[in-house]
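Asks: Quick one: structure below, then a few questions.
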Amino acid sequence: MIALGLGTALGSLFGNHLVKKLGEGKSLLFSLIGLIILYAVLPFSTKLAIAVIIFFVIFLIGGFVFPVFMSIFQSLTTTARGTMSSISSATMYGGTTLGGAIGGLLFGSFPGFMGISFFTVLMYILSLFIYTSSGIFKVRKSVVHDAIEKTQ
C-alpha cells in the first residue's frame, strides 16, 4: 500500500513537468497505452517485488494523468466547472463501486489476478477508442500548461 500511495503522490507532484513537455493529448495517450501494457503484464509477474514495482508504476501514471483528465473535463465549459468536477467525481465513485462488484465475480471465475487484469485492459482499450474518436489526441493548447505559466 505504501508503494501505491507513493506512486500516486509522486505522479501528482511531478507529472505537470511531463504534461508541459508533451501536452495534454499526448500525456493522456501515452498514459493509457502504458496502463494497458502494465495491466497486461501484471498477472504474469512471478515475484511479489515485481508485482509491487508494476503497481507502483501504474499508480505513478495514475497520479500523473488524473490532473490531465480533470483539466480536459473542466476545459469543456467555462461556466460549469464545478458541475463538471461533481460529475467526474460521481462517475469515479460509481465506477469504483461497479468495479468492486465485477472484481469479486472475476476473482471467483479466473485464477489469480488474470480476470481483473484482462477486464482492466479491455476497459482501458475502450477508453482509448472513445478518446480517439473524440479527437482529444490532436494537438491542442494545454490548460494545465497555461495555468502553470500564469503562476510563474
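The numbers here are math on the coordinates, done by the rules we state, and not lab data. Small disclaimer: the values here were computed from a predicted structure and weren't measured. Neighbour counts run over all protein chains shown; Cβ positions are idealised from the backbone, glycine included.
Asks: Any residue at all in segment 25-32 that is farther than 19 Å from residue 130 by Cβ and in contact (Cβ under 8 Å) with a residue 40 or more places away in the chain? Give the derivation first.
Replies: From segment 25-32, those farther than 19 Å from residue 130 by Cβ are none; that's our starting set.
Checked against the condition, which is being farther than 19 Å from residue 130 by Cβ and in contact (Cβ under 8 Å) with a residue 40 or more places away in the chain, segment 25-32 yields no hits at all.
Asks: A further question on this structure: Cβ-Cβ under 7 Å, sequence separation 6+ or interchain: first residue in segment 1-22 and at positive phi, partner buried (at least 16 other Cβ atoms within 10 Å of the Cβ) and part of a helix (DSSP H, G or I). Which pairs?
Replies: Within 7 Å, no pair qualifies.
Asks: Quick one: would you say residue 58 is assigned to a helix (DSSP H, G or I) and closer than 19 Å to residue 115 by Cα? Before you say what the answer is, go through the steps one by one.
Replies: Numbers: assigned to a helix (DSSP H, G or I): yes; closer than 19 Å to residue 115 by Cα: yes.
Taking the combined requirement at face value, the residue satisfies it.
Asks: Select from segment 10-42 the residues that are surrounded by 20 or more Cβ atoms within 10 Å (Cβ to Cβ) and hydroxyl-bearing (Ser, Thr, Tyr) and list them in ascending order.
Replies: Within segment 10-42, 27, 31, 39 meet the criteria.
Asks: Considering segment 72-102 alone, what residues qualify as being touching a Leu at 6+ places or on another chain (Cβ under 8 Å) and either over 19 Å from residue 124 (Cα atoms) or not in a helix (DSSP H, G or I) (or both)? If you could, list the steps in order and put the result at the bottom.
Replies: At the first step, the residues of segment 72-102 found to be touching a Leu at 6+ places or on another chain (Cβ under 8 Å) are 72, 84.
Answer for segment 72-102, where residues must be touching a Leu at 6+ places or on another chain (Cβ under 8 Å) and either over 19 Å from residue 124 (Cα atoms) or not in a helix (DSSP H, G or I) (or both): just 84.
Asks: What tally of residues in segment 1-52 results from selecting those that are closer than 25 Å to residue 113 by Cβ, outside any helix (DSSP H, G or I) and either among the basic types (Lys, Arg) or within 17 Å of the chain's Cα centre (by Cα) (or both)?
Replies: Qualifying residue count, segment 1-52: 1.
Asks: State which residue pairs qualify: first residue under 21 Å from residue 24 (Cβ atoms) and inside segment 76-93, second residue surrounded by 10 or more Cβ atoms within 10 Å (Cβ to Cβ) in any location, beta carbons under 6 Å apart, and separation of 6 or more residues or different chains.
Replies: Pairs found: 81/74; 84/73; 84/74; 88/73.
Asks: Can you name every residue in segment 30-65 that is aromatic (Phe, Trp, Tyr) and within 18 Å of residue 121 (Cα to Cα)? Explain how you work it out, then say what you get.
Replies: Filtering segment 30-65 for residues aromatic (Phe, Trp, Tyr) gives 30, 39, 44, 55-56, 59, 64.
Within segment 30-65, 30, 39, 44, 55, 56, 59 meet the criteria.
Asks: Going through segment 49-88 one residue at a time, which ones are of a type in the set (Gly, Ala, Ser) and under 15 Å from residue 3 (Cα atoms)? Can you show your working first?
Replies: So in segment 49-88, the residues of a type in the set (Gly, Ala, Ser) come out as 49, 51, 62-63, 71, 75, 80, 82, 85-86, 88.
49, 51, 62, 63 - these are the residues of segment 49-88 that are of a type in the set (Gly, Ala, Ser) and under 15 Å from residue 3 (Cα atoms).
Asks: Checking the conditions here, which among 45, 71 is surrounded by 15 or more Cβ atoms within 10 Å (Cβ to Cβ), closer than 26 Å to residue 18 by Cα and of a type in the set (S, T, N, Q)?
Replies: Working: 45 fails: closer than 26 Å to residue 18 by Cα.
Unique residue meeting the criteria: 71.
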